[in-house]
């Protein structure tokens, strides 16, 4: 207890030094500083306190207090604390200093806030990041005075994309068989060697955040959050529900939390199996792909049995879950897991013995630890580069504190390490489900009556298969006032540049696949357009490549 | 020896394959492998639906919509937009919506994807103006709440008028008539 | 009279040989499916595919005449090569086999050139990869063929010379290996590696042109195996119609074996495959030449 | 349309066109090819280029950013070409049918295609969120004529 107090004092002291104020609510430390001190405070948190930068959130709080605000979300993984660094911005000419020099990982979210809300960031090169090029200037969709269904009359010109005549440029995407999602990578090659990478993504922007703040109610947003991503959707809806519950200080039944954790792990198993299959497919080992997906089919059946749908489970509500796990389902789950474990181990051994798989995965797409730290990468990508972080252990949520598990960490940072992290995690997930099924308490699964007060803030990190999902909620009247989502791929894509540099072209699809990119998660806010190589160089210019 | 073993190892996939055999389920010639919990298309029972619109409010993707016209209130279910969350089943007050395990919804005609339930809108007995409620809704309210049919079949304006009239009658006589 | 008989037989066989690869591709897909624990397409699926492609629209390319020319050259030389191989199996005359293999080499060259004519970066990269692979593979295939047939001619079954036997086995290994690599199966399918560079060399083609290209590629797969099996069988059972039937059967058997091998491996990397292959070829060929010379002059 | 279908019936080569979907349908498309479902039984093959395709599997509500590329891909597909709109997003715009950055499903796309003079020989709709692999198989079987169409609009008038 003493130690915890000291740690909290540290943050209070920090805010006092910066001329701001701090308040503590549960596991969240709110620090408000004047904007001129923002960079100093962020730098101190990131470098000195070794906090993990997650994302920044711009909010239009003009209807509440007349200001725009920007909140940088940090987490103190060693002490299980969320640290929110907030500053107010004048509404007439919204300008705030950029923290990208201190925290390189903040690059994208600042540009997102610029395009969404029209907040200018000083001390960095701004670039038109958001929305299609034809989008009218000065129209910022996340501002409260813009209706959610306002569609400016723009019809994209039918531009030629994948037929660059310039030799030496290999466009990967937007429709590329290795991606299964529309994203655009332009690889500049010399012969068969990649010398530079240009990324243009956010084709999957669907305006989710705005939708969650306007058309929907608290309960409906659960189903929307689930559709941020079809693979790790349950992580998103759990994260949203947990964030709202945290903000409203709801006492959710334990049994519901257990069920959430169990389903989260089922989802992790299916996601990792899926990834393994896709990785084998990219390596041309189709038989491995088919067999991995064959054993995955059992997990899909299991998911359907527990929740009613193979994906986008739709069982999360604020205050609990909709489907219970009875004795019959419990036995069935254990049976499926036993069979899965047996088949999985044999199969993985065979698949990893294929010479092409080993040879092509090891030593390619290396992400050194320093770069990984600087860019605040997430999940297996971080754990393969020797960063030991896992939100399930560091910031325990749902029922994870009742399970004991190992967090696999590899230090090589190459594609094989990322593969092995996932292989190991799968086994751990199966063990977690068994433990939780064993300990599941009796009781209700849904909170019947509750109230969500307005103006509260809730932040939650949930460890998705690809890394930490971050949901930030400001409660409003009947629906969230502000809902910010950050998916792990958002932090991992900038690291790709480091990984792809000076690598053979043939490895590029594998390396891109190795971060398990989930673009639909990443793109939920707006369409980011990378319109120049210079910005990229500036971002990673300071890194050793 | 171990070197040879390492080289031979990939061949073991043949053992895996022969052990599992063919797992393919010959759908559509065979029953598909679906768990009993699967959420498929919903079916709205027109004999039970009262057209209250609770499902419309709960539906996240607006697959259920209430289209209001002069004298009709139509509940439209667009299965092409449905996310099969079954929230409507949770909220339906009369249990008119039933979940099925039907997923064979493919079609080449978009019009096949729409279901309609057309409700009549009630006319106010007093002034003849169309009110928001459907006939079924009024019946439902009559069963559940302590109101008389006489009160129920009037539009809110007329109710107010009657109420004010009633009170003023008690005090000073009918409103609007100079005495 | 004999000539007419010969020609008509080989033309009939030629027709069979043109259809057979298409069926064999279906068999290969079926085998692959079995190894992957599923049912797989019907055996005639590839035929359906080709017939459908013949009816589809052709998307115009800006240098269409050139492309058509190279593809027709490819198809005609490869069919001519098939014809001469048939003649060789029936008659056993060495010059037929040499003509066949020359035509085969020409057809491969015209095939590798086609994708380089297109502006798309995928086709270009795929085409370059194919060129690199064939630079390594074709000489190895031809040299090992010559070596194998020489040692076969020198071999006396009654009192086999041990050196020549060794040389024969090494050159046959090289022949089989290079014939596998030429078929462009995994791990050497880097020219059309789907996930890396879309469909690589085939990306821009559509409709009838695609059908012709696919058919020629299938015949190519057939021919390399056919050359190997006819070389062996002409020696063992002597030329003639029996030999022809036997060679076709052996080709089918080889096709099945290759299909199984392809199913259990992954794709190699473009910069590794040619180098490794090249090293292996040079080693094996040098070895077999040395041993052969020892067998001729030393023993 | 029937006659055109006849040509591609036995060998359906599909190109997967994600127009901003959440991935669930896309993964289920892949799943339909794996051992338990094995769409290759019906001659379905996933190809890497629209020029080889007969059918475009369209998932997602079509975002503004992807719209021009989608039109490009459709133009690059040789006739006869079909679209199968998958999932609730593809066939009806899904949960984001009216947001600012999507055009809301295949019906709006068909309208835009008509404006541009790009012809499509037929559109199939496969609802589901996400579609089950079996739902895709059902659609393929429907094209092959192996099953009867079950979907039918219901209009009920109550008193």
Practice item. Take the Cα atoms of the range B:94-142, find their three principal axes, and give me the spread along each one in whole Å, biggest first. Key: 49, 25, 9
Review point. With each pseudo-label sitting 7 Å past Cα toward Cβ, what's the residue C:93-residue C:173 distance in nm, one decimal?
Key: 3.6 nm
Practice item. Assign one of three labels to the range A:399-477, namely rounded, prolate or oblate, based on the Cα gyration tensor with a ≥ b ≥ c the square roots of its eigenvalues; rounded applies when a/c is under 1.5, prolate when it is not and a/b is larger than b/c, and oblate otherwise. Key: oblate
Review point. Working out 0.36 nm times the residue gap between residue B:91 and residue B:127, then minus their Cα-Cα distance, what length gain in nm do you get to one decimal?
Key: 9.6 nm
Review point. So how long is each side of the range B:36-171 along the principal axes, counting just the alpha-carbon atoms, biggest first, in Å?
Key: 66, 29, 24
Check your understanding: Based on the Kirkwood radius over alpha-carbon pairs, what value in µm²/s does the Stokes-Einstein equation return for the translational diffusion coefficient of the range A:208-493 at 25 °C and 0.890 mPa s?
Key -> 126 µm²/s
Point to revise | Alpha-carbon centroids, the range D:140-159 and the range C:139-155: separation in whole Å | key: 66 Å
Practice item. Using every pair of alpha-carbon atoms in the range B:109-179, split the distances into 10 Å bins beginning at 0 and state the percent of pairs per bin, rounded to integers. Key: 17, 34, 23, 15, 6, 3, 1
Review point. What is the fewest-to-most order of A:457, C:146 by other Cβ atoms lying within 10 Å of their Cβ?
Key: C:146, A:457
Study note, to complete from the structure: For the range D:66-143, using Cα atoms only, the Rg and Dmax in Å read 12.9, 36
Point to revise | Debye intensity ratio I(q)/I(0), log10, the range D:2-144, q values 0.13, 0.17 Å⁻¹ (C-alpha model) | key: -0.50, -0.87
Check your understanding: Rounded if a/c is under 1.5, else prolate if a/b is larger than b/c, else oblate: which is the range C:7-132, with a ≥ b ≥ c the root eigenvalues of its Cα gyration tensor?
Key -> oblate
Check your understanding: Which distance in Å, rounded to a whole number, links the C-alpha centroids of the range C:49-103 and the range A:284-311?
Key -> 44 Å
Study note, to complete from the structure: From fewest to most C-beta neighbours within 10 Å, the residues A:287, C:290 line up as C:290, A:287
Study note, to complete from the structure: Listed residues B:20, B:135, B:100; largest mean-square fluctuation, Gaussian network over chain B with Cα springs below 10 Å, found at B:20
Exercise for review: Restricting things to alpha carbons, tell me how big the protein assembly as shown is in terms of Rg and Dmax, in Å.
Suggested key: 33.4, 144
Study note, to complete from the structure: DSSP beta bridges in the protein assembly as shown: the antiparallel percent, rounded to 5, is 70 percent
Study note, to complete from the structure: Comparing D:138, D:124, D:36 in a Gaussian network model of chain D (Cα, 10 Å), the one with the largest mean-square fluctuation is D:36
Check your understanding: Based on the Cβ-Cβ distance of residue C:293 and residue C:3, what FRET efficiency does E = 1/(1 + (r/R0)^6) give at R0 = 45 Å, to the nearest 0.05?
Key -> 0.70
**Study point:** Convex hull volume per residue in cubic angstrom - Cα atoms of the range A:9-136
**Key:** 114 Å³
Exercise for review: Mind giving me the FRET efficiency for residue A:101 and residue B:157? R0 is 51 Å, r the Cβ-Cβ distance, nearest 0.05 is fine.
Suggested key: 0.20
**Study point:** Cα long-axis angle, helix C:162-182 against chain C (0 to 90 degrees, to the nearest 10)
**Key:** 0 degrees
Check your understanding: Ranked by Cβ crowding within 10 angstrom, fewest neighbours first, how are A:89, C:98 ordered?
Key -> C:98, A:89
Point to revise | Helix-only CD estimate at 222 nm, as mean residue ellipticity for the protein assembly as shown, using -39500 (n - 2.57) per DSSP H run (n ≥ 4) | key: -15500 deg cm²/dmol
Point to revise | Measure of compaction for chain C (Cα Rg per 2.2 N^0.38 Å) | key: 1.02
Study note, to complete from the structure: In whole angstrom, the spacing between the Cα centers of the range A:364-428 and the range D:7-77 equals 33 Å
Review point. Reported to two decimal places, what Rg/Rh ratio describes the range C:27-93 when computed on Cα atoms with Rh from the Kirkwood expression?
Key: 1.15
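Readers should treat all values here as calculations from the given coordinates under stated rules, not as data from a laboratory. Treat the numbers as computed from the prediction; the structure is a model and nothing was measured. Glycine gets a Cβ as well: all are built from the backbone with ideal geometry, and neighbour counts include every protein chain shown.
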